[in-house]
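The structure appears below as structure tokens.
The values are calculated or read from the model by the stated rules, or taken from the named source; none is laboratory data. Keep in mind the model is a prediction, meaning the values are calculated, not measured. The protein model used for the area step is the full one, side chains on, heavy atoms only, and it has no ligands, DNA or RNA in it. Shrake-Rupley method; radii C 1.70, N 1.55, O 1.52, S 1.80 Å.
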Amino acid sequence: MSLPFGPGSSGSPVLPLEPRVKSAMKIVAMPERYKVCAGCESIVGIHVAGCPKCHGYRFFEGRDAVIKQAKLLASRPQQTV
């Protein structure tokens, strides 16, 4: 699986890896352990009942949705504090 960031990507390697990229690589490696909040699009653990950021309770649990969101979040600057 090719990631648009980090070592092995088509761009130059990012050393040291930013925390967002490290997190995304971990999530992409095991997407079945995560889900995406339908309210704020945060990635949370699969066993979470409510989103800690927006308190939403609807989630996208598909593998493809999690991988797509992890790549998106890693490719842009953090937007929340």
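Annotations
- As an equivalent ellipsoid, segment 30-81 spans semi-axes of 16, 15, 8 angstrom, where each value is the square root of five times an eigenvalue of the C-alpha gyration tensor, largest first.
- Computed over protein heavy atoms with a 1.4 angstrom probe, the accessible surface ordering of Arg76, Arg33, largest first, is Arg33, Arg76.
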